[in-house]
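The values are calculated or read from the model by the stated rules, or taken from the named source; none is laboratory data. Keep in mind the model is a prediction, meaning the values are calculated, not measured. Ideal geometry is used to build each Cβ from the backbone, glycine not excepted, and the neighbour counts take in all protein chains shown. SASA here: full protein model, heavy atoms, side chains in, ligands and nucleic acids out. Shrake-Rupley method; radii C 1.70, N 1.55, O 1.52, S 1.80 Å.
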Amino acid sequence: MTDTQLQQFELQQSFDATIAAEARIEPRDWMPEGYRKTLIRQIAQHAHSEIIGMQPEGNWLTRAPSLRRKAILMAKVQDEAGHGLYLYSAAETLGADRADLTDKLISGRQKYSSIFNYPTLTYADVGTIGWLVDGAAICNQVPLCRSSFGPYARAMIRVCKEESFHQRQGYELLTTMMGGTDEQRAMVQESVDRFWWPALMMFGPPDDRSPNSEQSMAWGIKRHSNDELRQKFVDMSVPQAEALGVSFPDPDLAWNAERGHYDFGEPDWSEFTEVVKGNGAMNVERIAVRRAAHEDGAWVRDAATAFAAREQENHR
Ligand code: FAQ
């Protein structure tokens, strides 16, 4: 073994020992290139989802039914922007460049969550997104607070706290509508019918078709498989739906006493594949809006860069 090989072997051993001890890998630690690449991919996709995820609810900001609802919705949408920023910062600790990540998003070279390619057709969708979309996000992200990469895990703590507030505001909105007129109740049910299956798809493809899961779990990036988290979400959501007085559009949904879980039907994975490929109802518009915002904001970035350069010059 050459000196370089020996050094590489020791670095790998030390990394493996850190993972085995459930301790954290920090940005300056040595890490395998595959680990770095996987994290940049997942964190970037996650950050992009938070930023693109501002659009479906943002669509209702100017048409909120009261000042209270408008203030709540504005705060929620702003929180999502904050989550995107923590996550881009976490990706930067791995050597990624934020401008490059944005470029990859708007040129379609990096993904964001499938869920944000569905339209928001009624105000009930604001409540359903809070309840089911933030609910699924929490289910997926609470275990990420124990992810092996320190900056990602720490960012998730605050994100999850805010997401639980978002989920409760969604549920509260739907509860209010369910206490209203028949028309409002029908509006809630119609919205839940549209969002249930896409929410289940947020957890990713089934385990036997998830190419990244096994390695990500071995590295302690992901703590549970896609199917485990999907099951957890179904088990959690059914009693909430009963309390709310709505049903899910799945004839196969039934309690299985033997398994101690709800059985449920298969999401339409061909729809998922199409949406991820860019053929969902809103993919083109979501990227066009993000691209326009980026281009319209060029003068702000230029001004901030010029200001920073001048400050540096003045302090020489
Ligand atoms: N949409 O091998 P796997 C939010 C891709 S929450 C699009 O299983 P992995 C909050 C996957 O990237 C939403 N693409 O992959 C909010 C991979 O593609 P690649 C964001 C998907 O990474 C609420 C390929 O399929 N949350 O934004 C999806 O091990 C309300 C194969 O899949 C996160 O990102 C999908 N649903 O597991 C904001 C959580 N699923 O790169 C506003 C962190 C899979 O190989 C309003 N991420 N793909 O070409 C994760 O936990 C994981 O990345 C999974 C996927 C579980 C999403």
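Taking the criterion of being farther than 29 Å from THR62 by Cα, within 17 Å of the chain's Cα centre (by Cα) and of a type outside the set (Val, Ile, Thr), the residues of the range 93-145 that qualify are LEU101, GLN110, CYS139, ASN140, GLN141, PRO143, LEU144, CYS145.
Scanning the range 223-247 for residues that are of a type outside the set (D, E, K, R), touching a helix residue (DSSP H, G or I) at 6+ places or on another chain (Cβ under 6 Å) and open to solvent by 20 Å² or more (accessible area, probe 1.4 Å) yields HIS224, GLY245.
Can you work out which of the residues in the range 107-121 that are assigned to a helix (DSSP H, G or I) and in contact with a Lys or Arg (Cβ under 9 Å, 6 or more places away or on another chain) is farthest from the ligand (Cβ to nearest atom)?
Checking each candidate, the answer is ASN117.
Applying the criterion of at least 3 residues that are under 16 Å from the mean Cα position of the chain (by Cα) and on the phi < 0 side of the Ramachandran plot to the helices (runs of 4 or more DSSP H) found wholly in the range 164-264 leaves 182-201, 226-244. Among the residues of the range 148-163, the one identified as assigned to a helix (DSSP H, G or I) and of a type in the set (Ser, Thr, Tyr) is TYR152.
Reported count of residues in the range 1-48, each being open to solvent by less than 90 Å² (accessible area, probe 1.4 Å) and closer than 28 Å to LYS104 by Cα, is 21.
Counting the residues of the range 85-106 that are within 15 Å of the ligand (Cβ to nearest atom) and small (Gly, Ala, Ser) gives 3. If the condition is being of a type outside the set (Val, Ile, Thr) and either surrounded by fewer than 24 Cβ atoms within 10 Å (Cβ to Cβ) or more than 9 Å from the ligand (Cβ to nearest atom) (or both), then the range 122-134 contributes TYR123, ALA124, ASP125, GLY127, TRP131, LEU132. Taking the range 49-88 as the range and being closer than 20 Å to ILE106 by Cα, part of a helix (DSSP H, G or I), open to solvent by 30 Å² or more (accessible area, probe 1.4 Å) and not hydrophobic (A, V, I, L, M, F, W, C) as the test, the residues that pass are GLN55, TYR86.
Inspection of the range 175-190 identifies no residue that is within 14 Å of the ligand (Cβ to nearest atom), open to solvent by less than 10 Å² (accessible area, probe 1.4 Å) and in contact (Cβ under 8 Å) with a residue 12 or more places away in the chain.
Just one of the listed residues (ARG290, ARG316, ARG259) is closer than 27 Å to SER49 by Cβ and of a type in the set (Lys, Arg), namely ARG290.
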